[in-house]
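Q: Below is the structure I would like to discuss, written out as structure tokens.
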């Protein structure tokens with residue numbers, strides 16, 4: 001029997017996904033993963049035979065995806081800032097919006113610190129997407145990353161090693177490792193858990209049942225971690241510094257007001273992501289706590 005072509009396999013997979021109202025690009029991601037090709041190479045090979053072993057695996061993986069397993073867990077990685085980060089059920093899958101947080105931090109660092117050696121901490125390291133990317137994009141940054149989960153830190157350390165990034169990892173709850181060491185930072189960046197517990201049932205099954213709740217939920221209103229940050233930040237940041245948060249939809253102004261209350265001399269700002277949503281909050285400049 002003549003093997004099907006890559007194009008025919010893609011068409012079959014797309015129909016499978018369309019019937020179940022699932023994301024169409026998953027078919028493309030899986031087949032590119034099997035063949036280890038980029039999208040351009042895949043398009044050039046559409047008429048090539050698609051081996052039976054791959055077609056069998058495609059059917060298995062699509063059933064897993066349809067049952068709720070994220071495609072990133074099936075293939076084992078996600079792309080972030082043009083790099084491949086390994087992921088597992090122990091870490092949040094990096095989102096494209098978080099790339100915008102990284103860009104904003106790099107821009108603010110240049111504005112306030114130019115070519116100085118800068119101490120930066122990423123709180124809630126997860127896969128290491130933020131800390132590893134910042135360390136690779138700006139070698140003048142001395143990057144530390146904290147996570148409460150040792151399993152998450154294992155994933156993050158593996159990503160730092162495979163991508164040749166110099167990052168120091170610490171296990172602990174929020175800024176506690178810095179408080180214990182009486183260490184201060186120039187930049188604190190975090191994408192903490194911010195989903196309200198009341199939103200749990202409305203989340204997609206891929207998120208709700210396969211990503212770590214520790215990295216998703218921030219209490220009843222989603223703001224618990226930000227409140228805790230406000231008590232710890234003044235003890236951990238230098239007089240000239242930057243605080244950068246990713247926040248959930250509808251939380252930006254509340255978090256900005258929290259930062260403005262703690263750091264009355266600092267500039268505070270809300271930035272929109274590429275979709276026009278208020279997803280980033282910053283405080284920068286004079287981080288002294290009293291006028």
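The values are calculated or read from the model by the stated rules, or taken from the named source; none is laboratory data. None of these values were measured; they are calculated from a predicted model. Cβ atoms come from the backbone with ideal geometry, glycine included; neighbour counts cover every protein chain shown.
Q: I'm trying to understand the selection: among the residues of the stretch 264-278, which are part of a strand (DSSP E or B) and either buried (at least 16 other Cβ atoms within 10 Å of the Cβ) or within 23 Å of the chain's Cα centre (by Cα) (or both)?
A: Hits for the stretch 264-278 are 266, 268, 269, 270, 271, 272, 278.
Q: For the stretch 46-81, give me each residue that is within 21 Å of residue 157 (Cβ to Cβ), out of contact with any helix residue (DSSP H, G or I) (no Cβ under 6 Å at 6 or more places or on another chain) and free of Cβ contacts under 8 Å to residues at least 60 places away in the same chain.
A: Answer for the stretch 46-81, where residues must be within 21 Å of residue 157 (Cβ to Cβ), out of contact with any helix residue (DSSP H, G or I) (no Cβ under 6 Å at 6 or more places or on another chain) and free of Cβ contacts under 8 Å to residues at least 60 places away in the same chain: 72, 76, 77, 79.
Q: Just to be sure, is residue 187 at pLDDT 95 or above and surrounded by 17 or more Cβ atoms within 10 Å (Cβ to Cβ)?
A: Spelling it out, residue 187 is indeed at pLDDT 95 or above and surrounded by 17 or more Cβ atoms within 10 Å (Cβ to Cβ).
Q: I'd like the full set of residues that are buried (at least 16 other Cβ atoms within 10 Å of the Cβ) and not in a helix (DSSP H, G or I), limited to the stretch 152-171.
A: 163, 165, 167, 169, 170
Q: Taking the stretch 226-261 on its own, how many of its residues are crowded, with 19+ Cβ neighbours inside 10 Å and part of a helix (DSSP H, G or I)?
A: Of the residues in the stretch 226-261, 8 are crowded, with 19+ Cβ neighbours inside 10 Å and part of a helix (DSSP H, G or I).
Q: When you scan the stretch 34-45, how many residues do you find that are crowded, with 17+ Cβ neighbours inside 10 Å and closer than 24 Å to residue 159 by Cβ?
A: Total meeting the criteria: 1.
Q: A further question follows. Answer yes or no: is there a residue in the stretch 144-151 that is buried (at least 23 other Cβ atoms within 10 Å of the Cβ), outside any loop (DSSP other than H, G, I, E, B), touching a helix residue (DSSP H, G or I) at 6+ places or on another chain (Cβ under 7 Å) and at pLDDT below 95.
A: yes
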